[in-house]
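Shown next, in C-alpha cells, is the structure this report addresses.
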Amino acid sequence: FNVVTFVDHEYFYPCDAHCMNCGELTNEDAAHNIGHVDAVEATCQAMGNIEYWYCNDCGACWSDEALTQQTNRFNVVTFGDHNYVDGKCDTCGEADPDYVAPVEKFDIAAAQVIMGNNLDMMFAISKNAVANWEGYYAQIVHEYADGREDDVQTTYAEKFGTSGSYYTVTYKGLAAKEMADTLKVTVYNAQGEAVSNVWVDSVRDYAMRNFDVAAPSAAKTEIKKTMIVDMLNYGAEAQKKFGYNAGDLANNKLTAEQQAKGTQDVELAAELKTNHKASQLILESNISFWIAFDGIDRTMKATIEFTDHYDKTHVEEIAGADFGISGSVMYVASKEVVIADARQVLTITVYNADGTVFVQTQDSIADYLARSIEKPANANNKDLYYAIMKFADSAKAYLHAK
C-alpha cells in the first residue's frame, strides 16, 4: 500500500469545471477570466471585427456580454469593401468602375408672358450654360387643372429663339381660363438626361412676381399694375364662364389693395353698322374673331384688313377652302388680331370667283362685345365681356406707355 500514489484532479485551464482526467465536476469555483474587444469597422485595406468577449485563459469567445452566444475567433472577424464616394474609394483612392458622373444642372434664367390672341409664356436659357448644344432640347409640360393628360411641347436647340445672350423657348396657346395652370420647363441633352433644374411657373405666378417690379417710368409702373389686375380678373371670369378650375381663380392671390389698381369702368358702345349675318368671339382656347355671312361658298375668297394698335396695316387673305363652317353658316376668322387690338376696326371683304365684291362689312371686338352685352341671352356673360375690354384697354395702354 505504501508504494501506491494518488494525484489531485487536473484542469487544462483554470476556468475548467471538469477534471481533465476523470471528467468529474470537481472545480465548482471555476470562472472565465473575461476580456472585451470593441467593434472595429473593416475597410478595403484592413479587417475589422464585431464587438465580442473572450476568456483570457481558455480563449473561448462570445458575441454577447451575458456569454450566452458562444462563437469562435474566426467568426468575429469582418471584411470591408471599398467605400466609393463621387467615383473613388475614400479610403484607398481606387476608382469606382461603375461610376457615372452626375449631370451638373443649370438654372433656367427667366420667364415672360407674351400677350397676343392668346397668352404665351417664354423662358430664357443662358447660351453659356452648355458649350455645345447639338442634340439638346427643351420640354415644357402643361399640367391642366382639370386633370387632363399633360400636354408636352418640345423644342430642339436648332429651333430655339435667341435674345441677346439667351436662347428662348415658348409655350404657345394658353387660354385665359388657364392662367393658374402649371408649366414645368426642363432642358435635356442628346442622351435624354435632364441638364437643367425644373422651372415651375404659371401666368398668375409670373404676374404676381412682377406686380411690384418697377417699369421704366412711374407712370408705366402704375399702368402695368392695372394691366396685371385686369389680366388676372379676365382669367378668373373665363374660368367661371367655362367652369374650369373655379376653386382656384386666377385673381385669388390679389390683395384688396392690389385689386383696387384694376380698371373700374370701361366704355362699351356699338358704333359700327355691320353688313354680315353675325360675329362671334371664341374664348375657350384663344381669342378668335369670327365674322359669318349668308350666301358665301368655297368658290369665293375674302380679305380682312385692319390697322393694329401700332399703326401697322394687316391684310389677311383667306381662300374659300379655308372658310370656317359652324352649323349651316360659313365664316371667316382673323388670325392676326391680338388682345390690344380689341378696338381696332376690321374691314372684311368677300369676293366672288370673278373678283367682284360680294359683300363688305366692318366690325371690331369692342363693337361685338357692346352688341352682345345687351342681349338677354348673354346676361351671365357681362362680367366676362367687361373683363375682356378692361384687359384689352390696359394692355394697349401699357404697350404704348413711356
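Taking the conditions (1) under 44 Å from the mean Cα position of the chain (by Cα); (2) modelled with pLDDT of 90 or more; (3) not charged (D, E, K, R) in turn, GLN70 satisfies each one other than (1).
For the residues THR71, THR43, the requirement of being surrounded by 15 or more Cβ atoms within 10 Å (Cβ to Cβ), closer than 30 Å to GLU94 by Cα, out of contact with any helix residue (DSSP H, G or I) (no Cβ under 8 Å at 6 or more places or on another chain) and among the polar types (S, T, N, Q) singles out THR43. If I ask for residues that are closer than 14 Å to ILE291 by Cβ, part of a loop (DSSP other than H, G, I, E, B) and open to solvent by less than 60 Å² (accessible area, probe 1.4 Å), which ones from the range 332-343 would you list? Listed by number, the list holds a single entry, VAL337.
Do we find that GLY355 is open to solvent by 30 Å² or more (accessible area, probe 1.4 Å) and either touching a helix residue (DSSP H, G or I) at 6+ places or on another chain (Cβ under 9 Å) or closer than 30 Å to TYR144 by Cα (or both) in this structure? No; evaluated as a whole, the condition is false for this residue. Within the range 122-143, one or more residues are in contact with a Lys or Arg (Cβ under 9 Å, 6 or more places away or on another chain) and within 18 Å of GLU284 (Cα to Cα).
Please work out which residue is surrounded by the most Cβ atoms within 10 Å (Cβ to Cβ), limiting yourself to the range 46-64 and to residues that are assigned to a loop (DSSP other than H, G, I, E, B), at negative phi and not hydrophobic (A, V, I, L, M, F, W, C).
So in the range 46-64, the residues assigned to a loop (DSSP other than H, G, I, E, B) come out as 46-47, 50-51, 56-60, 63-64.
Filter once more, keeping what is at negative phi: 46-47, 50-51, 56-58, 60, 63-64.
Still in the list and also not hydrophobic (A, V, I, L, M, F, W, C): 51, 56-57, 63-64.
Details: GLU51: 13, ASN56: 12, ASP57: 18, SER63: 15, ASP64: 12.
Among them, the one singled out is ASP57.
Among the residues of the range 190-207, those identified as surrounded by fewer than 16 Cβ atoms within 10 Å (Cβ to Cβ) and either out of contact with any strand residue (DSSP E or B) (no Cβ under 9 Å at 6 or more places or on another chain) or not hydrophobic (A, V, I, L, M, F, W, C) (or both) are GLN191, GLY192, GLU193, ASN197. Looking across the range 74-94 at every residue that is hydrophobic (A, V, I, L, M, F, W, C) and not in a loop (DSSP other than H, G, I, E, B), the one that is least open to solvent (accessible area, probe 1.4 Å) is identified as CYS89.
Among the residues of the range 282-331 satisfying the criterion of being part of a helix (DSSP H, G or I) and not acidic (Asp, Glu), which is most open to solvent (accessible area, probe 1.4 Å)? Looking at residues that are part of a helix (DSSP H, G or I) and not acidic (Asp, Glu), I get ALA321. If the condition is being in contact with a helix residue (DSSP H, G or I) (Cβ under 8 Å, 6 or more places away or on another chain) and either among the small types (Gly, Ala, Ser) or on the phi > 0 side of the Ramachandran plot (or both), then the range 239-264 contributes ASN245, ALA246, ALA250, GLY262.
Please count how many residues of the range 9-40 are assigned to a strand (DSSP E or B) and either open to solvent by less than 90 Å² (accessible area, probe 1.4 Å) or in contact with a Ser or Thr (Cβ under 7 Å, 6 or more places away or on another chain) (or both).
Residues that pass the stated criteria total 5.
On the basis of being touching a residue at least 24 places away in the same chain (Cβ under 8 Å) and assigned to a loop (DSSP other than H, G, I, E, B), does THR43 make the cut? So THR43 passes the test. Annotation note: Cβ proximity below 6 Å between a residue of the range 95-112 that is over 14 Å from ASN197 (Cβ atoms) and assigned to a loop (DSSP other than H, G, I, E, B) and a residue that is of a type outside the set (Asp, Glu) and open to solvent by 50 Å² or more (accessible area, probe 1.4 Å) (sequence gap 6+ or interchain) occurs for ASP96/TYR84.
The values are calculated or read from the model by the stated rules, or taken from the named source; none is laboratory data. What you see is a predicted model, and the numbers here were worked out from it, not measured in a lab. Cβ coordinates were reconstructed from backbone atoms using ideal geometry, including for glycine residues, and neighbour counts include every protein chain displayed. Please note that ligands, DNA and RNA were not included when accessible areas were found on the heavy atoms of the full protein model with its side chains. Shrake-Rupley method; radii C 1.70, N 1.55, O 1.52, S 1.80 Å.
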